[in-house]
Structure formats: C-alpha cells, structure tokens
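Read through the structure below, which is laid out as structure tokens, and then see the notes.
The values are calculated or read from the model by the stated rules, or taken from the named source; none is laboratory data. No experiment lies behind these values; they were computed from the predicted model shown. Glycine gets a Cβ as well: all are built from the backbone with ideal geometry, and neighbour counts include every protein chain shown.
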Amino acid sequence: MANSDSPKALPTLLAGLWKENPVLALLLGMCPTLAVTSDVKSALTMGLSTAFVLLCSNIVVSLMRNLLKPHLRILMFTLTIATFVTIADLYLKAFLPAMSDKLGPYIPLIIVNCIIICRAEACASKNGLFISIIDAIGMGFGFTITLCMLGAIREILSTGAVFGKQILPAISENWYLTGGMPDGFIPMFAFALPVGAFVTLGLILGLVNMINKKTA
Amino acid sequence: MSKDKLFVSPGPHISKPISTRMVMLDVIIALLPALLAAAYFFRLRAVIVVATCVISCVVTEWLICKIRKQPSSIGDLSAVLTAIILAFSVPPMLPVAFLIIGSVFSIAIGKMVFGGLGNNPFNPAMLGRAFLTACFGMAMTTWTVPANINPELPQIGPKGATVAEKYQGQGLEGITEATPLAWTKNAIKAKTLAQAETIIKENFNNSQLKAVLIGYTGGCLGETSSLALILGGIYMLLRRTITWVIPVSVLASAFIFAEIFHFFKPEVYVNPLFQMFSGGLLICAFFIATDPVTNPMTTKAQALFGIGVGVLIMLIRTVGAYPEGVMYAVLVMNAFTPLLDRLCKKTPIGGVPNAA
Amino acid sequence: MPHKTNPLVLFIKESWLLLVSAFIFGLLLAGINAAWSPKVAANKELKIQDAIVALIPATANTQIAVDNQPIKLSDKDSAKTSIFKALDKNNKLIGFAFTASGAGYADRIDLMIAVDPDFKKFLGYKVIFSNETAGFGSKIKKPFYRDQYIGAPAKKLTLKKLGNAKKIDDEIIAISGATISSTAVIDIFNKYVDKVKELMTQKGLLQ
C-alpha cells in the first residue's frame, strides 16, 4: 500500500529498541513485564517466545495484508497469533519442561499481549514483508532486552544471583539471629514479589524519561 | 523578607508563622515521652535503632537532593519524623542493616521519587515498614520483651511465667516473647471455645491491663508504652498541631468494633481496652494517621479516613492473618485519600464558580 | 441498482480467507502436536522417574502400581493419586512413591512422597509443583525442612514451631517465616498417609 512514504529499515529497527520500545516507551505488554521478570531465565524465555510469535504473526499478516477485510482483520490477527503461541507453548513443553512449568499460564497469555496485535495493526497490515520482519525483530529484541534487564535487576536484588548463579557474596543463613553484622549481600525478597516488579519498572521508566529529557 | 513592604497575596492569610519545620518539630516533641519510655524499657537498643533510622533517613534525603541538584530539604525535619516513626514501629532487635534498608526505602521510594514532601501518596514510614515486612518477614515478626522488668508485674503470656522468673540472672537485653496481640490472635485461632477461654482468662486480666498501659510488654519500641503516647497526643492536640478528628475517629471506630466482638463472644475476643492499648493503635491514631500529607483535607473526609483506618485495623486483628494491622490499614486508607477528597468536596463560599 | 447477492456467496466472499487460514493453521498445529507430543509425554515420565530416584537413590526402575486412582481424603475432600513401585537393579522392591497434592500459601503444592516397602517410614518427599513465595515458602524444597521427613514414621505428623530439626521423629519443625507453607506440607502428608496405606492394602501391594 504505502510506497512513497514507506519506512526505512534501520530507523524501524532502532525504534523498537529505544524510541518506541514496547515496554519503556509504549507501555505495552505490562502483564508479562510485571509477572515473569522475577529472574532472568524466565524473563529471557518469555521475551524470546514473544519475539518469536511477533515475528511469525508479522510475516503472516504482512503476506495477507491485501486480502484482509477490514471488519474481519482483528479475527484474523487473533487466529494467527493464537496459532503461533500454541506452537511456542508446545515447544517449551517438549524441550524446556522446567521453564514451561514455571511460566505456566503466561505463555498462552501471549495471545492477548498488546504488543503483537499492535504491531500487526500498526505495521504489518500496512507494510511490506521486509519492513514487517525488521519491525518484528526490533520490537521483539526491545521487549526481550527490557524484560531481561528487569529480570536481572530483580534477581540480583532478591537473591544476589543472575541465571541462578551467585554473583554477589552470599550471606550466611540466620546471621541476624546472632546480632552481628551482615557478612554478605542482604537479599531483599520483596524484589521477587510483585512489589519489586512495580518499583523496579517505575524507577527504570523514570530513568528513561530523564535520559530522554536530557537528549531532547 | 523586609518588613516595610506591603505584600498582596491570595488567601488563606496565615497570621502565625507556621512552617513545615515547626509542625514537624512539634510532632517530634510530642514523640519525646515515647522516646524516653523506649529508652527506659529497651535501654541502649532503643538509642541504636532510633539513631540508625534518623541518620540514614536524613543522609538519604540529603543525597537525593544533591543528585537532583535541588536545595536540600532536610531542614524541614520531615525525614527525622519519618525515621522516628519507622524506628518506633519495628521490632527492637531488628539488625542495623535492615533498619538502614527500611530507612532508605522510606525516603527514596516512599517520598523522594514522588517529588519530596507533600507529593507522596503513602505514609513513607509505613511504606518502609511494609517493604521490610515483605523482605524480612521472619525478623520483622520476632518480638522482644524488655528485660528490666519489675518482677511484681504480671506478664502477658503463659500463666505464672513472669519474664523475671523465667530468665532470672541471665543478663539478657531482652527476651523473645509473644506480644499481647499474638495472644489475642491465639485465642481467636484456638480450635475450641474452652481453649480460647483459658487463653483469655490466663493472659488478660485487669492487673495485666496495667502492664500494657505502662509498657512492660513485648512489642515495637514506640508502641509498648501507651501512657507516653497518650501524653504526646494530648500535647499535639493542645498545640493544635493535629485536630481531634482523626485520632477520635480511629480510636472510636476501633473501640466500637472491638466492643461488638467482645460483647457477643467475650470468651474469644479480648476486652476492647486491651485492643486499645496494645500494638500500634495509639501511635497510629495520634502520629501516623494524622500525617497531613497523606490524609484528606476536609473534616468529613478525615472522619471517614479515620473510621476506615480504625475498622481495618480491627478487621485485620480479628479476622486477618496478621496479629497487627496498623501498617496495612494506613496504607490502604492512604490509597483512598484522593477519592475521599473528591467525595467530600466543600462548596466554596459564594457558591460554585461558573455554575450558572 | 439494488443488486441482491446470494447470502451464501456473500458469506464465502467475506470469510474465505478466515476459513482457509483456519484450516491451514489447524493442520500446522496438528502436525506439530503429533511430532512433539511423545516428547512432552516423555518429559512428564522423566520428571516422575527423576523424582523417585531423588527420593530413593538405589532405584533402577520404576513401575506404575496404581494409576491416577481417585481416593477419598475426607467426607468432603477427594483427590487422585498414582502409586509407583521403586525397584533396584536386582528387581527387588525397595520402596513406594505416591503423588499427593494440597493447597499451599500461593498455589497448590504437588508432592511425590516416598515410603519404605513396609509402609513403616517415610523416605522423604519431593516438590513436583509449587509456587510458594521465594525465600520463605519455597524453603519447603530445602534440606532443612525436607530432611526432617526422611526416616520419619509413616503416620500422622505434627508441626512444631521450635525444636531440634535434626531429631527424626513425628515432630516436624516449621520453617521460620513460612508457617503456612510448612503446615501445608504436613497437611498433605497427614491427609494422604492413612488413605494411601488403605488403598495399597486393598490392591495387595502391602502385606
């Protein structure tokens, strides 16, 4: 459809990473952002699954964009997304069973993740295959990186570890009962709870706004 | 400000030079009796806890002002007040490291991220305490009974077990013991009526009411001595630092709630006076719920706020999972403050502008 | 010019894409499911096998003795359990394991509980599924709490707040700060122990 003002590849890619980052700028997909970022591993799995679904749905929607009937398009998007989410879910169940148990209902819930339907509507149904793929890669990576960042911060603060590997000096159990000083990093469990998700996300958003204000 | 110039300013015209600093100073003065009581009961420990909180709160505020390149706001003493209330509402034996974490969270997340004093939707001290509870649940629920107990005074606890008898000559600073509210909860949770009745009869009689009133019981630093808190409350009421609306509505609603339960099932629910004087109800009514930033503006809304706090506290104490509910009650009602303000809007004198 | 279309033609015209893609996606999913479902099933079996080996280390082979049998836990409460036989490399019976579940603090807790061949002692438990608070309730997976069950008599257990956790008997010391999760585990044990024993006697697994 759009020919003369079709978007360029590189700006589209970069937009997803920073300027239009799905979490930090568009504030889309808050449910997985808050719910599954208590450690990096589940954040990474969630991010990659979403990126995979986003890429596939963008490709399919872009391919059939000229055939779409306006009043049936949401139905088509949902059908496409649901198919690929089911594939992702089956894949995790077959090859990463531990992760699949941990993420539980959040993988099927990718179906209603607004990032994917937003990109299908705003980008893929209006642009060619190439731009749609680039857009999906940019957005998918932007989402994954943000989730991993949140996951890393929360995992470090709540356990002192990243990917389950202790990176900060571990503290001896029940040290406080002896009344002494802490002999290592004090894990703050609240960061593994939803509280930690909101606080961390809020602080990151504030930081992003600060940087944007400075560079603007 | 030079005095020989006339200023034209919109109302309200305040005749007394009331500054934030003065109000905060008044509240801190009102907290002094409780502070002294804490120092008497918990000795050095009280000093350590309060000093740690005050220093870390003030330093945090100063640092954040510095980072944000704002004029330092530590002069208004609000950080000191937050620190004292936080110190008063945590178990006395809480390690210093936890206190610092709580203080930093109170000031940084509870107040400064919202833009400093006056913009925070939640009471910073309670937010800090909630964070500590979420992080260190175990340490936050281990209570200590003051060790320098007058042996004559009966204790809240198992029958015949005054602290002095049990731990005589061990030279301890304090002993971990269930608080009065924990016993209240035990009675409610007891499996049979007879069990509950025994707990109530053995632990709560009139002479023990005195122990709760004066403060010879386990609990937070600032909460053990009800007398000192009432003294502080009266001082603030006399100085008009706070109005009577919130303290009265909190205490009255809590009392009525407790009385209803006690009236129908006296063998399970303790005398409402116990509920009044134990735990954080008094410090909440006088010092926490009255925080001018986080409670509503109009008298009607304040009354509703107070009733909400009082009823929530008693609800959590009687049917909730926790023995004490001050923190959650205050935080929940803080969240309702903007709604209450809208609900009870005052019509400006002269009618609503632009209302044709 | 009012031109009337056949409703069926209109329907096909409007929705052919939807129908076709639904068909194609359906085929795709069916194919993928057929390809991966053996793997998913194998994963489940492996998980059970791993759990049993973790509880009874000498296990070389496991056998399903009772598969997903409904049992009555109390008047109101009924559940399903599977019982597995653990065999060592000489095919000698060295213990049983059964699945049990109950409500935890945040979500349900699924356990694999192992007992010795005579149903006299517990050989421990493994958490198959739980969603307890990290750092508190999740300590039901940690040795401090779990080890107390290894060798405990296979009868009703009681929970104590304080005591010697090293002493193995029918008193289990709660995890400090996670009383609800500790209670949940004990409750699961107490609810299942007698009923599973009954069921196993019925099935002739116990003498």
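Here are a few things to note about the model shown:
- Within segment A:6-36, the residues that satisfy the criterion of being hydrophobic (A, V, I, L, M, F, W, C) and crowded, with 23+ Cβ neighbours inside 10 Å are A:23, A:24, A:36.
- Hey, residue A:111 closer than 19 Å to residue C:21 by Cα and either crowded, with 22+ Cβ neighbours inside 10 Å or β-branched (Val, Ile, Thr) (or both) or not: yes
- Residue in segment B:184-193 that is more than 17 Å from the chain's Cα centre (by Cα), surrounded by fewer than 23 Cβ atoms within 10 Å (Cβ to Cβ), modelled with pLDDT of 85 or more and not basic (Lys, Arg) present: no
- Consider segment A:67-81 and keep the residues that are in contact (Cβ under 8 Å) with a residue 24 or more places away in the chain and out of contact with any Phe, Trp or Tyr (no Cβ under 8 Å at 6 or more places or on another chain). The one that is nearest to residue A:201 (Cα to Cα) is A:81.
- Any hit, segment B:93-116, residues being in a helix (DSSP H, G or I), more than 14 Å from chain A (Cβ to nearest Cβ), among the aromatic types (Phe, Trp, Tyr) and surrounded by fewer than 20 Cβ atoms within 10 Å (Cβ to Cβ): no
- Residues of segment A:162-197 that are touching a Leu at 6+ places or on another chain (Cβ under 7 Å), at pLDDT 85 or above and more than 10 Å from every other protein chain (Cβ to nearest Cβ): A:197 alone.
- Strands (runs of 3 or more DSSP E) contained entirely in segment C:98-205, each with at least 3 residues that are buried (at least 16 other Cβ atoms within 10 Å of the Cβ): C:108-115, C:122-129
- Flag for residue A:196 being within 18 Å of the chain's Cα centre (by Cα), under 25 Å from residue B:129 (Cα atoms) and free of Cβ contacts under 8 Å to residues at least 12 places away in the same chain: no
- Condition met for residue C:152 (among the aliphatic types (A, V, I, L, M) and within 14 Å of chain B (Cβ to nearest Cβ)): no
- The residues of segment C:13-27 that are under 14 Å from residue A:86 (Cα atoms) and surrounded by 15 or more Cβ atoms within 10 Å (Cβ to Cβ), listed by number, are C:22, C:25.
- Residue check: residue A:85 meets all listed conditions (1) buried (at least 18 other Cβ atoms within 10 Å of the Cβ); (2) within 10 Å of chain C (Cβ to nearest Cβ); (3) out of contact with any Cys (no Cβ under 7 Å at 6 or more places or on another chain); (4) without any contact (Cβ under 8 Å) to a residue 40 or more places away in the chain but one, namely (2).
- Qualifying residue in segment B:103-126 (condition: outside the structural domain of residue B:324 (by TED's automatic domain parsing), modelled with pLDDT under 90 and within 18 Å of residue A:188 (Cα to Cα)): no
- Residue C:59 being without any contact (Cβ under 8 Å) to a residue 60 or more places away in the chain, crowded, with 16+ Cβ neighbours inside 10 Å, more than 14 Å from chain A (Cβ to nearest Cβ) and within 33 Å of the chain's Cα centre (by Cα): yes
- Filtering segment B:126-141 to residues that are in a helix (DSSP H, G or I) and without any contact (Cβ under 8 Å) to a residue 60 or more places away in the chain leaves B:128, B:131, B:132, B:134, B:135, B:137, B:138, B:139, B:140.
- Within segment B:61-120, the set of residues being free of Cβ contacts under 8 Å to residues at least 40 places away in the same chain, more than 25 Å from residue B:337 (Cβ to Cβ) and under 20 Å from the mean Cα position of the chain (by Cα) comprises just one member, B:101.
- Scan segment A:119-132 for residues that are farther than 12 Å from residue A:51 by Cβ and surrounded by 18 or more Cβ atoms within 10 Å (Cβ to Cβ) and the total you get is 7.
- Positions within segment C:68-92 being over 19 Å from residue C:127 (Cα atoms) and either among the β-branched types (Val, Ile, Thr) or free of Cβ contacts under 8 Å to residues at least 60 places away in the same chain (or both), in sequence order: C:70, C:71, C:75, C:76, C:78, C:87, C:88, C:89, C:90, C:91, C:92
- Boolean, residue B:261 is closer than 19 Å to residue B:246 by Cβ, touching a helix residue (DSSP H, G or I) at 6+ places or on another chain (Cβ under 8 Å), outside any loop (DSSP other than H, G, I, E, B) and not polar (S, T, N, Q): no
- Residue check for residue B:313: in contact with a helix residue (DSSP H, G or I) (Cβ under 6 Å, 6 or more places away or on another chain) and either without any contact (Cβ under 8 Å) to a residue 24 or more places away in the chain or among the aliphatic types (A, V, I, L, M) (or both): yes
- Single unsatisfied condition, residue B:84 versus (1) more than 17 Å from residue B:288 (Cβ to Cβ); (2) part of a helix (DSSP H, G or I): (1)
- Of the numbered criteria (1) assigned to a helix (DSSP H, G or I); (2) out of contact with any Leu (no Cβ under 7 Å at 6 or more places or on another chain); (3) closer than 28 Å to residue B:233 by Cα, the one residue B:60 fails is (3).
- The criterion of being at negative phi, among the β-branched types (Val, Ile, Thr), touching a helix residue (DSSP H, G or I) at 6+ places or on another chain (Cβ under 6 Å) and surrounded by 22 or more Cβ atoms within 10 Å (Cβ to Cβ) holds for residue B:49.
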